[in-house]
Protein chains: 2
Amino acid sequence: MSDKLQQTFAGHGLRCTKQRRAIFQALSTCRCHPTADELHRLVKEQDADLSLATVYNTLEAFCCAGLAYKLACCGGNGSTRYDTGGEDHLHLRCRKTGKLTDAPDDLGKRILEHLPKELIDELQERIGFEVNKVQVDLVGEFKKNPCQS
Amino acid sequence: MSDKLQQTFAGHGLRCTKQRRAIFQALSTCRCHPTADELHRLVKEQDADLSLATVYNTLEAFCCAGLAYKLACCGGNGSTRYDTGGEDHLHLRCRKTGKLTDAPDDLGKRILEHLPKELIDELQERIGFEVNKVQVDLVGEFKKNPCQS
DNA sequence: TTTCCTGCAAAAGCTTTGCAAGTAC
DNA sequence: GTACTTGCAAAGCTTTTGCAGGAAA
């Protein structure tokens, strides 16, 4: 059933281990942009032994392979947050608390649709930078308090 | 001559000290998104004593006041990079090296102009998030190598 | 069987903090 | 004079690394 995952890994030159499976699934399921530490706890809860060092090593491998991305961290305690390469979405980052939240799907999508593909292509050609992912963060401040909950 | 700076500080409830002046000027002059450590060295070169802890404290104060921003760090050695609240610009972030570069001004500006203000306003109203700054990062990989120089 | 991955523990960085002395207001 | 800042050094975090044992291909 997770043959698909195995193929994904293989396609990127990664071996398929129990730990990597678990980490990848946790990361792609969890919509909360977990830190390495949070992933570690998440996986250990449902599964078994897993060392924090392995989480870091694995995430590094995923990032190199393009299966995951580091997000604008810059928040709270300064630990890096990760995300799978899923659909681009818009982040809201609170300047004061460092909290990172996703914008409502529809609005985020509509805003991102306005990014001019042709200009990005021009940029790619002009300076030789291949764009894999567009990350848009709105930095500001929550006035009410819908920060997750 | 730097009365202006003093007023800026005062307007945000910050006292104006020699160190803060120096840090702010270095940060706004330097186009390279320095880390706290780089700023520390920068200021010490031209000026005088300055403790690294003060750089951190000061940057934290600036960020709270909205005079500076933490950028998507996530790169290289993992230290946070800072920027003044100047004009929005587009960042290119290399997935492999973590290098952070600015897009050419004209292209960056043209891309950012396409962001739909009305949708961002809608977002502000709908979820009570006040946007101070839009940070767009293109994550990818340099094919040639114009990473700075 | 070979090469890569994991786990442990220790090391290396970055950032924050407590406190006494100094400075802006 | 009072309240906020600074500098120092130490503590607290997150992340990386070396190495021996284990697992994937």
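Every number in this text was worked out from the coordinates using simple rules, so none of it is lab data. What you are looking at is a predicted structure, and each value in this text was computed from that prediction instead of being measured. When we count neighbours, we look across all protein chains shown, and the Cβ atoms used for this are built from the backbone with ideal geometry, even at glycine.
As a rough footprinting exposure proxy, the listed residues A:ASP137, A:ASP37 were ranked by other beta carbons within 10 Å of their own, and the order from fewest upward is A:ASP37, A:ASP137. Mean per-residue shielding of peptide B:83-94 is 2, counting Cβ atoms of other chains within 10 Å of each Cβ. Ordered by the count of other Cβ atoms within 10 Å of each Cβ, fewest first, B:SER28, B:SER51 give B:SER51, B:SER28.
Taking all Cα-Cα distances within the range A:84-131, those exceeding 12 Å account for 71%.
Cβ crowding within 10 Å, taken as a proxy for footprinting-reagent exposure, orders B:THR29, A:THR54 from fewest neighbours to most as B:THR29, A:THR54.
Here chain B carries DSSP beta bridges of which approximately 60% are antiparallel, counting only pairs with both residues inside. Summary for B:GLY66: label point 7 Å along Cα→Cβ; distances to the equivalent points in the other copies, ascending, 4.0 nm. Remark: the range B:3-143 is approximated by an ellipsoid whose semi-axes, taken from the C-alpha gyration tensor as √(5λ), come to 27, 21, 13 Å, largest first. Treating each Cα of the protein assembly as shown as one equal point scatterer and applying the Debye formula with no solvent, the log10 of I(q)/I(0) at q = 0.08, 0.12, 0.16 Å⁻¹ comes out as -0.38, -0.86, -1.40. Across the cross-link table entries A:LYS117/B:LYS117; A:LYS18/B:LYS70; B:LYS109/B:LYS143; A:LYS143/B:LYS18; A:LYS18/A:LYS109, which are compared at the Cα atoms, the separations over 29 Å belong to A:LYS18/B:LYS70; A:LYS143/B:LYS18; A:LYS18/A:LYS109.
Extension gain for A:LEU52-A:CYS16 works out to 11.2 nm (0.36 nm per residue, less the C-alpha to C-alpha distance). Mean per-residue shielding of peptide B:110-119 is 4, counting Cβ atoms of other chains within 10 Å of each Cβ. Overall, the range B:3-143 carries a charge dipole of about 460 debye about its Cα centre when +1 sits on the Cβ of Lys and Arg and -1 on the Cβ of Asp and Glu, all other atoms neutral. Would you calculate a helix-derived [θ] at 222 nm for chain B, using -39,500 (n - 2.57) for each DSSP H run of n ≥ 4 and dividing by the full residue count, to the nearest 500? Computed mean residue ellipticity for chain B: -13500 deg cm²/dmol. Mean per-residue shielding of peptide B:120-129 is 6, counting Cβ atoms of other chains within 10 Å of each Cβ.
Here the peptides A:113-122, A:86-95 are ranked by packing, the mean other Cβ count within 10 Å, and the order with the highest first is A:86-95, A:113-122. Taking the label point 7 Å along Cα→Cβ, A:GLY128 and its counterparts in the other copies are spaced 5.1 nm apart, in ascending order. Ordering of B:5-14, A:16-25, B:126-135 by packing is A:16-25, B:126-135, B:5-14, highest average first (other Cβ atoms within 10 Å, averaged per residue).
Sorted from closest to farthest, the other copies place their B:ASP3 label points 7.9 nm away, with each point set 7 Å from Cα along Cα→Cβ.
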